[in-house]
Amino acid sequence: MTTFKTLLLAAALAAPAAIVSTSATAQVGGVAVADPEAAVANSKAWATARTQIQTTYKAQIDQANARRQAISTELQPLVDAYQKAAAAPGATEASLRSQATAIQTKEQAGNAELQRLTAPASRAQAYALEQISAKLPDAVSAAVRAKNVSLLLRPNAALFAQPTADITSAITAELDRTVPTVGITPPANWQPGQQQQQGAAAAAPAAPAQEPPPIVVRAPEPAQPQTPATMVVEPVAMMIATFDANGDALVDRSEMIDGVRASFEAIDTAHTGALRYIAYSDWAATFLGDANALPSPYEVDRNNDGQVTLDELLDQFSRLFARYDKDGSKTISRAELLTFRTMPIGADGPTMGRGAPRGKGKPDAGAVPRGGHDPRAPEPDDKADGDREGGNGAGGR
């Protein structure tokens, strides 16, 4: 899904004279701020599309929510058994490996199942947003012309701005005028970002004809085994690592809460206390590296109201903290954020997920958490210490 920072940049490129005017003969205007995420989120087209999506795909969304609860219930006995085995005298990584692998395999399969269940709704949402986003540059240009604006900023880029300087509602009004409704059923061959790519291709000048490059036939290089990639890091784990404020290579709950809040506020520039799914994709793209990285908004939005609040995001990260704090120390080390992969990798590539090539070894045994600890084990003292620790208690429910 295209992030709205990119869309606002596209708007600036489409009408540079309207957004940043440096011409001496241009009519003098003022400085304004606008939140493009809020402009789209408040549009009538998106409100109607969101209602239609929730109605059309209600069965899949309800099924995903039910499966999420069921998967959590199915995992709990495995987690309890693992914790008991890990606490037993003489427990080693080797002795715990099969249990840890079973937990992680089941969890990964559950996440994949939830993504499949919500894929139709996510695809419809992306299609609706792309249609509205295609009109955003024109809406921005029209709004700045109507308001005689010479410089347009995001709200978080301005140290101070009067409420009258915010033209977000004017952009929304332009969107309502130019794109009153959108479809939620994408064509069979549609892919997210396709419209923007086609538009850019149409605008690009035709390249001069060139002679085709000569065809060179070379003997195949001998296959060289690849070095096994033994460690991986989830996107959310990378984000948690950045919360280490004091540089001790550990992240405690107070640092996590501060980090999550800062990331939330960086996207919630209007200070509404909630991120609609549009803005949440921007949050994921900025802080997880990809708009579709887990956790998905369907997972975080516990009450299914179409938006993610700060409390819901903190609650999600509280569960993630319990999962990564494998030794129960109330801090997360870099080692705990790593996951070992034991799959063999040779000239034919990794074998996990597709079965071993005939006569070339066995399928991968799975992923084993570093140190042999359970990837989902809840923090033993969570309830005794409160849902969230650290700081002045901000962010708690």
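Quick check: is even one residue across the stretch 129-151 in contact with a Pro (Cβ under 8 Å, 6 or more places away or on another chain), among the small types (Gly, Ala, Ser), in contact (Cβ under 8 Å) with a residue 40 or more places away in the chain and not assigned by TED's automatic domain parsing to the domain that holds residue 281? Taking every residue of the stretch 129-151 in turn, none turns out to be in contact with a Pro (Cβ under 8 Å, 6 or more places away or on another chain), among the small types (Gly, Ala, Ser), in contact (Cβ under 8 Å) with a residue 40 or more places away in the chain and not assigned by TED's automatic domain parsing to the domain that holds residue 281.
Condition first: modelled with pLDDT of 90 or more, buried (at least 17 other Cβ atoms within 10 Å of the Cβ), in contact with an Asp or Glu (Cβ under 9 Å, 6 or more places away or on another chain) and part of a helix (DSSP H, G or I). Can you find one or more residues in the stretch 100-118 that meet it? No, the conditions are met nowhere in the stretch 100-118. Would you mind stating whether residue 130 is closer than 22 Å to residue 66 by Cα and in contact with a helix residue (DSSP H, G or I) (Cβ under 7 Å, 6 or more places away or on another chain)? Answer is no for this residue. If you check 79, 31 for being in the same structural domain as residue 154 (by TED's automatic domain parsing), surrounded by 13 or more Cβ atoms within 10 Å (Cβ to Cβ) and either assigned to a helix (DSSP H, G or I) or over 29 Å from the mean Cα position of the chain (by Cα) (or both), only one passes: 79.
Being modelled with pLDDT of 85 or more, β-branched (Val, Ile, Thr), surrounded by fewer than 13 Cβ atoms within 10 Å (Cβ to Cβ) and not assigned by TED's automatic domain parsing to the domain that holds residue 268 is a description that does not apply to residue 40. Across the stretch 133-150, the qualifying residues are those that are farther than 11 Å from residue 34 by Cβ and not hydroxyl-bearing (Ser, Thr, Tyr), and the one among them that is surrounded by the fewest Cβ atoms within 10 Å (Cβ to Cβ) is 146. Among the conditions (1) of a type in the set (A, V, I, L, M); (2) touching a Ser or Thr at 6+ places or on another chain (Cβ under 8 Å); (3) modelled with pLDDT of 90 or more, residue 314 misses just one, which is (2).
From the list 172, 230, 178, 168, the lone residue that is at pLDDT below 80, β-branched (Val, Ile, Thr) and within 32 Å of the chain's Cα centre (by Cα) is 230. Evaluated against (1) out of contact with any strand residue (DSSP E or B) (no Cβ under 9 Å at 6 or more places or on another chain); (2) assigned to a helix (DSSP H, G or I); (3) closer than 28 Å to residue 271 by Cα; (4) of a type outside the set (Asp, Glu), residue 143 falls short on exactly one condition, (1). The residue of the stretch 156-168 that is surrounded by the most Cβ atoms within 10 Å (Cβ to Cβ), among those that are part of a helix (DSSP H, G or I) and touching a helix residue (DSSP H, G or I) at 6+ places or on another chain (Cβ under 8 Å), is 168. For residue 245, the conditions (1) under 28 Å from residue 69 (Cβ atoms); (2) modelled with pLDDT of 90 or more are fulfilled apart from (1). Output the number of the condition that residue 195 fails; it satisfies all remaining conditions of (1) surrounded by fewer than 20 Cβ atoms within 10 Å (Cβ to Cβ); (2) at pLDDT 85 or above. Result: residue 195 fails condition (2) only. The set of residues in the stretch 43-67 that are buried (at least 18 other Cβ atoms within 10 Å of the Cβ) and in contact with an Asp or Glu (Cβ under 9 Å, 6 or more places away or on another chain) comprises 43, 45, 64. For the stretch 122-136, the criterion of being outside any helix (DSSP H, G or I), modelled with pLDDT of 85 or more and closer than 30 Å to residue 42 by Cβ is met by at least one residue.
The values are calculated or read from the model by the stated rules, or taken from the named source; none is laboratory data. Note that the structure is a prediction, hence the values are computed from the model and not measured. Neighbour counts are summed over all protein chains in view; Cβ atoms, including those assigned to glycine, are modelled from backbone coordinates with ideal geometry.
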